[in-house]
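Let me begin by presenting the structure, written as structure tokens, before commenting on it.
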Amino acid sequence: MELQKIINKFRQDNGGQYTQSNDAFRVLDLKGQTFEINHPLYIHKMNNVIFSNFRIIVSDKFTQKSNLTFPVPEFTNKFALNLHKVKNILLKDVFIDCRKICSGISVSKFLRVKVVRQLLLHQTEYGIFSPKCSEENGNNHELEILDSNIMEYEFGDGYGDQKGYLPNFDEANSRTSVGIFLGQADNVIADCNIHLCKVGILSNMRANRIQGNHITAGGTKERGIFDCIVVNKNKRGACLIHNNYIDNGRLLIKTSSNKMADRNYVHVTDNIFYRGYNHPSNEKFNHIFVLAEDNNSSFANVIINSNIFYNQDANLDPNTKGKPFDPDSGLQRDIKPFEVDEKNGNIDNNRCWGSSMEKNTFTNSEGLFEIPQSTNFIIRHNFEASENGLDKIELNSYIPFGQIVKASILGIYFSDKSKEFKNISNLSKEDIPELTVFGKQLIISYKSKINFTLHIEVKSGSFYENHNIINV
């Protein structure tokens, strides 16, 4: 029997659309059966049902037209499986292969839908899609996507036995989908693997929690840069982004001058940001990229704290073959973890309240990495032996923008045979008689018979110049 007929018969045999929550859940367990579908499937007008344990394969004969006897939003025709006008639905242990013919799952006019242990492959436009709230789409709430794999491609797709059946996974133009689109509020995406999509997760509304996911952009022949997470803070989007592994892609935050952008929060905490080999030559890579869409854009209520930013030098160029990066190779592929694109607008310095960037950890490869502002970091600066030394450290080269709150010497390393390191409290006036801080410039006069390296801690306290400095 066709899967749509099985779903319709189950609904008819088990009380129709409505059951009270205290009557417990009805369960449709299809015991691992595989169904090939030629048109979109609909779970329509059902409450308190568990659907589990079946496989869907999209047929070459798939058409967006179906013989439905009830009205549904037009966009649902593009999806293999649609949940519409539902409440308290659990979809678990389901496999869907879209075969690059259609999108995956849409959820509309719903309250509380949970998707668990979903394996979804080869979607075209969307993996899982919940539309923007409207009269047609409903005031949707509480979509939970847990412990699932949403993969536009697997490594190797488009080659070998898959040649001709799928586009090549490692060509940038082959990436077309958003893995998960959150058009409405109050959602959770947790412990998922979102793999080789053009965009991993797009948060277009507030109160979304994105936690514990591995979102990988992989690599392409063109070394294209992809967005693992996009937050539309510009008008509607706000979310908590916590404890994710953002793998070889970036976090894109869009903002604007819209008043709603002030209240939209983005909290980015305890994530791992990794940059490997997918990094164009002679371009800077940004782990977090902010797009100011117009003048006087807001950057209020943004917290970027306690993250790890990690880059792997051995993958800077395929010719290195795992060897350490050669700084004399002529490649200019810098890492700048945080960047604001102001080509189309700018950030209003007076609309940055409630924001901070601190306590982040960075790998720092000389010549490859720029430390962002609004955090604490240590500069290790080398000095030549001199009886009357004077040196200047331009902090601009370490801090793209922002204002210095404090710069202080932690200690000194003398490069003689003893390789002695002294804490600053043990230094005498003869070592460094004077330290002057002037703007973004450290002017240091000193006396030393041998070469030495200063360890200087810098504290920076604002996202933008002329913004109120945070006291440290």
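The values are calculated or read from the model by the stated rules, or taken from the named source; none is laboratory data. Values in this document were obtained by computation on a predicted structure and should not be read as measured data. Note: ideal-geometry Cβ built from the backbone for every residue, glycine included; neighbour counts use all protein chains shown. These area figures cover heavy atoms from the full protein model, side chains too; ligands, DNA and RNA do not enter into them. Shrake-Rupley method; radii C 1.70, N 1.55, O 1.52, S 1.80 Å.
Keeping every protein chain in place, order I272, I229 by accessible area at 1.4 Å, biggest value first, i.e. largest first. Mind showing how you got there, number by number?
Values: I272 75, I229 0 Å².
Solvent-accessible surface, decreasing: I272, I229.
Could you order peptides 387-393, 209-215 by the average number of other Cβ atoms within 10 Å of their residues, highest first? Could the numbers behind the result be given before it?
Values: 387-393: 12.1, 209-215: 22.1.
Descending packing order for the listed peptides: 209-215, 387-393.
On the accessible surface of region 160-267, probed at 1.4 Å, how many percent belong to carbon and sulfur atoms? Write out the running numbers ahead of the final one.
Working: 1730 of 3740 Å².
Roughly 46 percent, rounded to a whole number.
What does the charge add up to near S52, with Lys and Arg as +1, Asp and Glu as -1, over the other residues with Cβ less than 10 Å from its Cβ? Walk me through the numbers before you get to the answer.
Values: positive: K31, K92, R117; negative: D29, D93.
My count for the surroundings of S52 gives +1.
Can you pull the one-decimal nm distance between simple spin-label points at N8 and N451, each 7 Å off the Cα toward Cβ?
With each label point 7 Å from Cα toward Cβ, the separation is 8.2 nm.
Could you tell me which of the pairs K359/K392; K65/K198; K198/K235; K78/K221; K235/K359; K198/K254 are separated by over 20 angstrom between their Cα atoms in the structure shown? Present the calculation step by step, with values, prior to reporting the outcome.
Working: K359/K392 26 Å; K65/K198 27 Å; K198/K235 22 Å; K78/K221 29 Å; K235/K359 29 Å; K198/K254 17 Å.
Table pairs above 20 Å Cα-Cα are K359/K392; K65/K198; K198/K235; K78/K221; K235/K359.
Hey, what do the phi angles of region 228-238 turn into as Karplus ³J(HN,Hα) couplings, whole Hz, using 6.51/-1.76/1.60 and θ = phi - 60°, x for Gly and Pro?
Result, rounded to whole Hz: 6, 9, 10, 10, 8, 5, 4, 9, 10, x, 7.
Please list 3J(HN,Hα) in residue order for region 215-223, calculated via the Karplus relation 6.51 cos²θ - 1.76 cosθ + 1.60 where θ = phi - 60°; whole Hz, with x for glycine and proline.
10, 10, 8, x, x, 10, 4, 7, 6
So how exposed is E358, as accessible area in Å² (1.4 Å probe, rounded to 10)?
Around 80 Å² of this residue is reachable by solvent.
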